[in-house]
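Each remark here refers to the structure printed beneath this line.
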Amino acid sequence: MRLEPVRNASLARRLGLPLLALAFTVVVASVLARLAGADPFATLGLILKGAAGSKFALLETLNRATPLIFTGLAVAVAFRAKLWNIGAEAQLYAGALLTVLVGTQLGLPGPVAIPAMALAAILAGALVLLGPAVLKLRLGVDEVVTTLLLNFIMLLLISMLLEGPLKDPMGMGWPKSPPIPRDARLPRLIEGLRLHWGFGLALIAAVSVWLIQIRTTLGYEIRAVGLNPQAARFAGIPVNRVIVKTALLSGGLAALAGFSEVAGLKGNLTLDLSPGFGYTGIVVAMLALLHPLGVVASAIFVAGVFVGANSMSRAADVPTYIADISVAVALLSMVLAILLTKFRVVRG
Amino acid sequence: MEILDILLSASFWAAVLRIASPLIFATMGELICERAGVLNLGIEGIMVAGAFAGWMAVYAGLGLWPGLLVALLTGMAFGALHGLLTVPFGLSQHVVGLGITLLATSSAYYAYRLSLPEVTSPPRIEPFQPVHIPGLSDLPFFGEALFSQTALTYLAFACVIAVALILYRTPLGLALRAAGENPSAVEAQGLSVTAIRIGAVMAGSGLMAVGGAFLTMSAFSSFFFEMVNGRGWICIALVVFGAWRPGKALIGALLFAGFDALQIRLQQTPLGADIPYQVFLMVPYVLSILALVLMSRRAEVPAALMTPYNRGDR
């Protein structure tokens with residue numbers, strides 16, 4: 001078999017195939033529920049209800065989507081320039097660490113503390129990705145492996161700090177940092193609703209990234225470098241500088257996930273601050289086809305699957321890992337479906 | 001002084017071989033994939049799936065060797081999916097690989113929860129036992145240091161020899177290497193790049209799963225969440241460090257295991273007591289990055305690595 005480009009793909013092809021991918025994911029999830037001895041329809045219903053069935057559920061989903069929007073944007077920005085940043089997890093924790101350091105150590109008043117924490121976080125995340133980017137550009141070291149390995153190094157560093165100098169003396173021996181003061185926390189987005197300003201910030205970030213991509217020279221250069229670095233260089237685009245800028249932007253965005261989780265939700269730093277938001281950001285970005293506004297939608301979708309599955313597993317005896325499998329199946333079938341909207345398979 | 005004492009103990013060298021074994025299997029698996037032109041980032045998840053499948057099969061009543069076969073087949077199944085998506089469809093090897101890692105890991109965890117819903121600590125199986133080799137195992141020092149391993153460790157070393165022989169001494173190996181260097185030349189010979197690459201990814205993924213199974217069936221006797229803990233990613237670094245050659249990759253795995261065994265022992269010395277244990281745990285990951293930096297200029301990357309081949313294109 002080989003692939004042949006499809007010219008002027010029909011609307012049915014462009015919409016039908018992605019829908020087919022989603023339908024396939026639902027079928028897989030049903031089979032998994034059946035394997036666990038549960039009724040597939042009831043299980044899917046419970047997931048849906050847990051994700052969006054009430055005001056509480058919906059807000060929970062949006063809260064969970066917040067860090068995923070940031071990490072999803074981080075990945076989308078980087079992947080567009082073919083900078084394979086698999087280290088959003090490390091950048092997130094670097095951001096969370098600096099948020100806690102600035103929030104607890106400097107004694108700044110609230111209105112100053114919040115922007116100071118955010119800036120410090122962005123800087124930390126940007127620096128964490130700058131290392132692998134420079135190694136890639138200067139020495140040709142593959143950034144996939146370096147960014148992946150940095151995730152493990154960063155978690156151990158945080159663990160070391162939480163059991164050492166950053167340990168909360170009032171923490172009953174748990175490895176957690178002291179909390180940042182009340183007035184340095186992100187306020188609620190809408191008074192009375194359990195949704196913090198991190199979500200608003202995430203939306204602003206998504207729109208900003210989108211504007212950068214369509215309205216600025218940098219956005220154009222990032223796209224050119226991602227499509228064809230040789231051609232971009234030939235066209236006079238400073239490829240290396242563009243990749244460094246992309247790395248700083250991507251790392252900074254991922255770090256904001258850590259900032260918003262600490263300052264908006266948790267208040268302190270623990271080792272389970274992120275249940276893999278950095279890795280899930282890759283799925284979020286790919287499902288959104290690397291489009292910054294799509295990232296918002298796909299982050300809410302993915303967050304809904306996880307929040308819904310969590311609530312479902314309390315009611316039915318289906319392990320929560322059904323969410324992880326479904327997300328993986330959605331990712332793989334979606335990339336295939338998108339490919340098949342542009343190419344058709346021919347024999348021979 | 002303490003380091004010298006450690007290096008002169010037979011148990012240290014036995015630990016090096018033990019720690020290296022899963023890395024050797026998985027590194028050879030990744031190497032086969034990459035020599036054929038496919039980066040397999042599914043490695044981490046495939047190791048988890050292999051660790052689970054082999055262990056579960058034995059727990060369910062199968063023998064150790066049939067259990068290992070189950071692990072191998074599990075790995076090959078995920079390899080087939082990876083190969084199908086990345087070779088004929090030419091999808092991004094990064095995305096598919098990470099997707100396979102997520103799929104394989106969560107499938108293993110889901111299956112674990114389904115088969116053992118009530119347990120708080122995983123049950124144990126009777127793992128592979130050290131093989132007593134008459135003569136060799138009784139040697140002073142060397143007997144314990146080199147010849148007190150389970151059959152799987154010897155199999156790991158045999159695997160390196162087999163991979164090297166196949167790659168450099170057989171027509172199959174030549175075709176596989178050519179698929180990773182110059183796929184059109186392979187097609188010109190009337191061979192199918194698609195078939196060779198899918199086959200390589202399946203075989204390589206099988207080896208990765210066996211590497212994972214070493215953890216549950218030889219090194220430990222239970223399956224734990226997060227037990228693979230980045231070993232797959234380290235193997236990808238080892239392939240680069242080994243310049244895509246089986247022998248050099250083996251040396252890399254042994255060096256790496258040596259540092260790992262050393263840091264575990266240093267933690268227990270008076271010197272180690274003053275240093276946070278996390279510093280020691282960071283060593284393997286830092287070393288992997290250092291290895292990549294050191295080898296960066298010298299490595300001969302397969303020319304067609306990560307380049308999909310579509311017969312229609314010229």
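The values are calculated or read from the model by the stated rules, or taken from the named source; none is laboratory data. Keep in mind that this is a model prediction, so the values were computed, not measured. Note that each Cβ is placed from the backbone with ideal geometry, even for glycine, and that neighbours are counted across all protein chains shown. With ligands, DNA and RNA removed, areas are computed over all heavy atoms of the protein, side chains included. Shrake-Rupley method; radii C 1.70, N 1.55, O 1.52, S 1.80 Å.
On the stretch given as region A:4-28, residues that are among the charged types (D, E, K, R) and closer than 27 Å to residue A:326 by Cβ total 2. For region A:212-241, residues that are open to solvent by less than 70 Å² (accessible area, probe 1.4 Å), closer than 19 Å to residue A:73 by Cβ and in a helix (DSSP H, G or I) total 8.
Taking the condition modelled with pLDDT under 95, away from chain A (no Cβ under 13 Å), on the phi < 0 side of the Ramachandran plot and open to solvent by 10 Å² or more (accessible area, probe 1.4 Å), does residue B:303 pass? Walk me through how you get there before you give the answer.
Working: modelled with pLDDT under 95: yes; away from chain A (no Cβ under 13 Å): yes; on the phi < 0 side of the Ramachandran plot: yes; open to solvent by 10 Å² or more (accessible area, probe 1.4 Å): yes.
The answer is yes for residue B:303.
For region B:153-176, the set of residues classified as surrounded by 19 or more Cβ atoms within 10 Å (Cβ to Cβ) and within 17 Å of residue B:205 (Cα to Cα) consists of B:155, B:156, B:159, B:160, B:163, B:167, B:176, listed by residue number.
May I ask you to verify whether residue B:71 is within 14 Å of chain A (Cβ to nearest Cβ) and either under 15 Å from residue B:235 (Cβ atoms) or in a helix (DSSP H, G or I) (or both)? Steps first, answer last, please.
On the way: within 14 Å of chain A (Cβ to nearest Cβ): no; either under 15 Å from residue B:235 (Cβ atoms) or in a helix (DSSP H, G or I) (or both): yes.
When the stated conditions are applied, residue B:71 does not pass them.
If you go through region A:69-88 one residue at a time, do you hit one that is under 17 Å from the mean Cα position of the chain (by Cα), open to solvent by 50 Å² or more (accessible area, probe 1.4 Å) and at negative phi? Yes, that holds for at least one residue.
Residues in region A:129-156 that are open to solvent by 10 Å² or more (accessible area, probe 1.4 Å) and more than 7 Å from chain B (Cβ to nearest Cβ): 9 in all.
Against the test of being away from every other protein chain (no Cβ under 14 Å), open to solvent by 60 Å² or more (accessible area, probe 1.4 Å) and on the phi > 0 side of the Ramachandran plot, the options A:192, A:173 yield a single qualifying residue, A:192.
Each residue in region B:91-119 was checked for being at the interface with chain A (Cβ under 7 Å from one of its Cβ atoms) and either crowded, with 24+ Cβ neighbours inside 10 Å or in contact with a strand residue (DSSP E or B) (Cβ under 9 Å, 6 or more places away or on another chain) (or both), and 6 of them qualify.
Determine, yes or no, whether residue B:272 is under 18 Å from the mean Cα position of the chain (by Cα), over 23 Å from residue B:49 (Cβ atoms) and of a type outside the set (Phe, Trp, Tyr). So residue B:272 does not fit the description; no. What is the one condition in (1) in contact (Cβ under 8 Å) with a residue 12 or more places away in the chain; (2) over 26 Å from residue B:66 (Cβ atoms); (3) open to solvent by 90 Å² or more (accessible area, probe 1.4 Å) that residue B:138 does not satisfy? Going through the list (1) in contact (Cβ under 8 Å) with a residue 12 or more places away in the chain; (2) over 26 Å from residue B:66 (Cβ atoms); (3) open to solvent by 90 Å² or more (accessible area, probe 1.4 Å), residue B:138 breaks only (1).
So, in region A:242-273, exactly how many residues are assigned to a helix (DSSP H, G or I) and touching a strand residue (DSSP E or B) at 6+ places or on another chain (Cβ under 7 Å)?
Of the residues in region A:242-273, the ones assigned to a helix (DSSP H, G or I) are A:242-266.
Remaining after also requiring touching a strand residue (DSSP E or B) at 6+ places or on another chain (Cβ under 7 Å): A:264-265.
Residues in region A:242-273 being assigned to a helix (DSSP H, G or I) and touching a strand residue (DSSP E or B) at 6+ places or on another chain (Cβ under 7 Å): 2 in total.
In summary, residue B:141 fulfils each of the numbered conditions (1) farther than 26 Å from residue B:60 by Cα; (2) under 19 Å from the mean Cα position of the chain (by Cα) with the single exception of condition (2).
Being closer than 22 Å to residue B:157 by Cα, open to solvent by 20 Å² or more (accessible area, probe 1.4 Å), among the small types (Gly, Ala, Ser) and in contact (Cβ under 8 Å) with a residue 12 or more places away in the chain is a property that residue B:21 lacks. In region B:40-52 there is at least one residue that is charged (D, E, K, R) and surrounded by 24 or more Cβ atoms within 10 Å (Cβ to Cβ). A count restricted to region A:1-58 and to residues that are within 14 Å of another protein chain (Cβ to nearest Cβ), among the basic types (Lys, Arg) and either in contact with a strand residue (DSSP E or B) (Cβ under 7 Å, 6 or more places away or on another chain) or farther than 16 Å from residue A:317 by Cβ (or both) stands at 1.
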